[in-house]
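Asker: Pasting a structure below so you can have a look.
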């Protein structure tokens, strides 16, 4: 039996809560050798460096500001056309693609039958 889908009202409330949390902080993508990019927010900026609070775990990292990429609001998560992103940067595109793959939303590369057009999922997304 498939899991029940949340009602439209519940989805709207969830989206509003995510947007409110997003508006409270200056959210950014932090480059990470292991994960590619991690979410965080700017806690303090001094000269060309920033103290970044990592979203997962609350660790504080001191990172050069030029290395950071701006994060898009949650309403752009899983957007089909990446040209719609407010901040079109590598980290945001990778994040969007990860969400789409993990949630099994088909990309525009799907054929008309709804199956992958002979393409396999890269191993990076299966780990």
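Asker: Can you sort 47, 77 from fewest to most other Cβ atoms within 10 Å of each residue's own Cβ? Mind showing how you got there, number by number?
Answerer: On the way: 47 7, 77 14.
Lowest count first: 47, 77.
Asker: Go ahead and run the numbers for FRET between residue 79 and residue 35, Cβ-Cβ distance against an R0 of 22 Å, rounding to 0.05. Show your work: numbers first, answer last.
Answerer: Values: r = 21 Å, r/R0 = 0.98.
The formula returns an efficiency of 0.55 here.
Asker: Using R₀ = 35 Å, calculate the FRET efficiency as 1/(1 + (r/R₀)^6) where r is the Cβ-Cβ separation of residue 13 and residue 90; round to 0.05.
Answerer: Values: r = 32 Å, r/R0 = 0.91.
It comes out at approximately 0.65.
Asker: What distance in nm separates the two pseudo spin-label positions at residue 70 and residue 102, each 7 Å out from Cα along the beta-carbon direction?
Answerer: 2.4
Taken together, the values in this text are just the output of simple stated rules run on the coordinates, not laboratory data. Please read these numbers as outputs of a predicted model, since none were measured by experiment. Don't worry about glycine lacking a Cβ; one is built from the backbone with ideal geometry, like all the others, and counts go over all protein chains shown.
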